[in-house]
Amino acid sequence: MSANERQDRLEELLCDRALEGLDDAATRELASLGGDADWSYDLAAAAIDLASLGPLEEPPADLRAKLLARALPEPKVVKLPTPRSRAWVGWAFAAAFALLALAAWLRRPSVLDPARDRAALIARGGDVKVVPWKATADPAGASASGDVVWSADGQRGYMRFHGLPKNDPQKTQYQLWIFDAERDDRYPVDGGVFDIDAQTGDVIVPITPKVRAHKAVLFAITIEPPGGVVVSKREHIVLTASL
Amino acid sequence: MSTSTLHAASKGEPNAIRACIDAWSALVWTLARRASPTREDAEDAVQEIFLDLWKSASRYDPSVASESAFVATIARRRLIDRARARKRRPAAEPVSEPRLPPSGAASADMCVEASRAAAALDSLRPEQRDVLLLSTVHGLTHEEIAEARGMPLGTVKAHARRGLIRVRAMLVGADGASGEVER
């Protein structure tokens with residue numbers, strides 16, 4: 001095949017692909033001629049589509065929801081086997097909690113400068129992990145971002161938020177939940193309630209779990225009544241962060 | 001919308017994905033409705049097109065095309081694949097009346113590529129324009145156009161290709177560089 005014939009055939013295949021598509025044999029031939037990466041003819045055909053469209057039609061509302069659902073799957077919650085017996089669990093928690101509370105108090109971070117404490121925790125390294133928040137479909141998290149710093153050994157960490165809407169503590173509060181791979185995921189660890197009272201800049205909130213999260217796998221922020229709840233209905237899951 | 005939004009969407013960032021769906025769902029839906037035999041088929045097509053968009057968005061280059069043209073190209077590829085899989089042509093307006101919408105319609109203002117394509121189509125010989133619109137907008141095969149117009153198949157193919165080459169030349173420009181982009 002001469003160079004001119006090759007160019008003519010290449011152009012023919014590119015036009016055919018843009019107008020009608022190609023079968024497998026023609027697709028292979030186009031690749032052999034080195035033209036499979038040239039999408040300028042397809043772009044030209046698309047431009048003709050655009051020039052001929054007229055007013056756009058709004059898609060069905062449920063279609064948009066489907067598009068979001070396929071692009072943004074629900075946060076994965078770890079399914080765990082139910083513990084065999086709970087008879088001794090209450091006492092064990094009480095004792096452990098007392099010890100943990102003492103230990104936590106002894107190594108408590110400074111409440112005066114959480115940003116500095118957060119940076120220090122990150123700098124320490126070791127088992128410290130930093131994971132970004134992911135917004136859910138809930139509108140409250142639409143503009144929110146930030147991250148979670150967590151030390152499993154130290155059972156402490158920090159949440160950083162940017163763009164999380166300010167809340168009225170008299171009406172609602174944010175509550176952190178820590179999903180523990182060693183616990184029933186119906187009852188995640190309560191990470192405490194907090195408020196966002198700043199509209200600009202980063203907000204840093206220390207994490208103070210009520211009980212030890214042995215193997216944290218997921219952090220989730222919900223919106224709850226003032227004071228928080230013991231068990232969330234999970235009706236407003238705003239942000240999640242997976243370890 | 002910035003380049004980073006499309007690129008961010010390709011990485012799965014939720015806000016960027018929402019922004020892309022808000023920006024392009026109407027365009028994609030309108031293209032899909034025109035190229036699909038039923039409303040349900042169009043809904044399936046839209047979902048497939050957005051999946052293709054998430055996979056392709058990282059390759060978007062504003063120096064090559066506007067975002068509208070990029071999204072429309074992704075959509076067109078998927079719609080052609082679906083039509084070929086159905087082995088029949090999509091529902092279309094009557095074969096005898098291929099035309100661009102009246103002046104003042106929103107489409108030519110959608111992006112620079114659309115306005116240049118409209119200008120290029122106006123410059124074509126009537127038979128080239130007719131065949132090209134029947135092929136691109138109405139989705140008819142060359143064989144179907146040949147039968148509808150009583151034209152030899154080879155002539156149909158030549159008209160369609162020369163017309164598309166002319167439109168492409170208007171978009172690419174004499175120096176081979178792409179034209180202006182929308183944003």
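Relative to the present Cα-Cα distance, how much length would full extension add between residue A:8 and residue A:214 at 0.36 nm per residue of separation? Before the final figure, lay out the partial values.
Working: separation 206, 0.36 × 206 = 74.16 nm, distance 6.74 nm.
In short, 67.4 nm is gained.
In the stretch A:1-76, which trypsin sites (Lys or Arg not before Pro) are in a loop and have at most 16 other Cβ atoms within 10 Å, using DSSP for the loop call?
Within the stretch A:1-76, the qualifying trypsin sites (Lys or Arg not before Pro) (loop, at most 16 other Cβ atoms within 10 Å) are A:76.
How well do other chains shield peptide B:72-78, expressed as the mean number of their Cβ atoms within 10 Å of each residue Cβ?
Numbers: counts 9, 11, 3, 2, 11, 7, 0.
The per-residue average across the peptide is 6.
Mind checking the mean number of beta-carbon atoms from other chains within 10 Å of the Cβ atoms in A:142-149?
The per-residue average across the peptide is 1.
With r as the distance between the Cβ atoms of residue A:36 and residue B:162 and R0 = 30 Å, compute the FRET efficiency 1/(1 + (r/R0)^6) and round to 0.05.
0.85
What does the structure give for B:43-51 when I average, per residue, the other chain Cβ atoms found within 10 Å of the residue Cβ?
Taking the mean over all residues of the peptide, I get 3.
Show me the trypsin sites (Lys or Arg not before Pro) within the stretch A:118-187 that DSSP assigns to loop and that have at most 13 other Cβ atoms within 10 Å of their Cβ.
A:166, A:171, A:186
Going through the cross-link list A:66/B:55; A:66/A:134; A:134/A:215; A:66/A:166; A:129/B:11, which pairs have a Cα-Cα distance over 27 Å in this structure?
A:66/A:166
At 7 Å along Cα-to-Cβ for each site, give me the label-to-label distance between residue A:185 and residue B:125 in nm.
It works out to 6.6 nm between the two label points.
Check each of the trypsin sites (Lys or Arg not before Pro) in the stretch B:1-75 and keep only those in coil by DSSP with at most 11 other C-beta atoms within 10 angstrom; list them in order.
Numbers: sites: B:11, B:18, B:33, B:34, B:39, B:55, B:59; in loops: B:11.
Here the trypsin sites (Lys or Arg not before Pro) that fit, given the DSSP loop and packing criteria, are B:11.
The numbers here are math on the coordinates, done by the rules we state, and not lab data. Keep in mind that this is a model prediction, so the values were computed, not measured. We place every Cβ from the backbone using ideal geometry, glycine too, and count neighbours over all the protein chains shown.
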